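Q: Shown below is the structure under consideration.
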Amino acid sequence: MNAVEFAIARRVVRLPSVLLPNIILDRKIVPEFLQDDCTPDALANALAPLLTGGPERDAQCAALIEIDALMRLPDGESPSDRAAEIVLRHAKKIA
């Protein structure tokens with residue numbers, strides 16, 4: 001977004017993060033690179049440990065598994081599976 005919109009959003013939005021995984025778990029599990037912080041070097045430095053494996057990758061994978069468990073519906077089904085099922089059911093009615 002442009003600099004003016006970003007400055008306004010920074011003052012209006014009162015969240016510690018804009019990334020959904022970080023918001024859901026209320027901790028920083030995925031690094032955030034906004035506006036001027038989003039540089040090739042910053043992205044490469046954050047990505048390298050994830051590609052090579054190690055504690056950063058293990059922590060992120062574990063957190064994403066935790067999110068998956070939190071987002072499951074009461075019957076254990078994933079929200080995306082349920083959404084796909086509903087779409088297919090309606091598509092069959094139209095066809």
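Q: Output ³J(HN,Hα) for region 67-73: one whole-Hz value per residue in order, computed from phi by the Karplus curve 6.51 cos²θ - 1.76 cosθ + 1.60 with θ = phi - 60°, and x for Gly and Pro.
A: 5, 4, 5, 5, 8, 4, 6
Q: If N is the number of residues in the chain, what value comes out of its Cα radius of gyration divided by 2.2 N^0.38 Å?
A: Compactness ratio reported: 1.47.
Q: Then there's this: Tell me the angle of helix 79-94 to the major Cα principal axis of the chain, expressed in degrees between 0 and 90 and rounded to the nearest ten.
A: 50
Q: Rounded to the nearest 500, what is the 222 nm mean residue ellipticity of the chain from helices alone, with -39500 (n - 2.57) per DSSP H run of 4+ residues and division by all residues?
A: The helix contribution divided over the chain gives -20500 deg cm²/dmol.
Q: Right, another one. In nanometres, what is the gap between the two model label sites at Asp26 and Val12, each 7 Å from Cα along Cα-to-Cβ?
A: About 2.6 nm, to one decimal.
Q: If R₀ is 35 angstrom, what is the calculated FRET efficiency for the pair Met71 and Val4, using the beta carbon separation as r and rounding to 0.05?
A: That gives a FRET efficiency of 0.50.
Q: How are the Cα pair distances of region 39-95 distributed, in percent, across 5 Å bins from 0?
A: Distribution as computed: 4, 16, 13, 13, 12, 12, 11, 9, 6, 4, 0 percent.
Q: Next question, about the same structure. Express the accessible area of the chain per residue in Å², computed with a 1.4 Å probe while the remaining protein chains stay in the model. Before the final figure, lay out each step's value.
A: Details: 7430 Å² over 95 residues.
Result: 78 Å² of accessible area for each residue.
Q: Could you state the angle between the C-alpha long axis of helix 40-52 and the longest principal axis of the C-alpha atoms of the chain, as a value from 0 to 90 degrees rounded to the nearest 10?
A: Compared with the principal axis, the helix lies near 60 degrees.
The values are calculated or read from the model by the stated rules, or taken from the named source; none is laboratory data. None of these values were measured; they are calculated from a predicted model. Positions of Cβ are generated from backbone atoms using ideal geometry, with glycine treated the same way; all protein chains shown enter the neighbour counts. Calculation scope for accessible area: heavy atoms of the full protein, side chains included, ligands and nucleic acids excluded. Shrake-Rupley method; radii C 1.70, N 1.55, O 1.52, S 1.80 Å.
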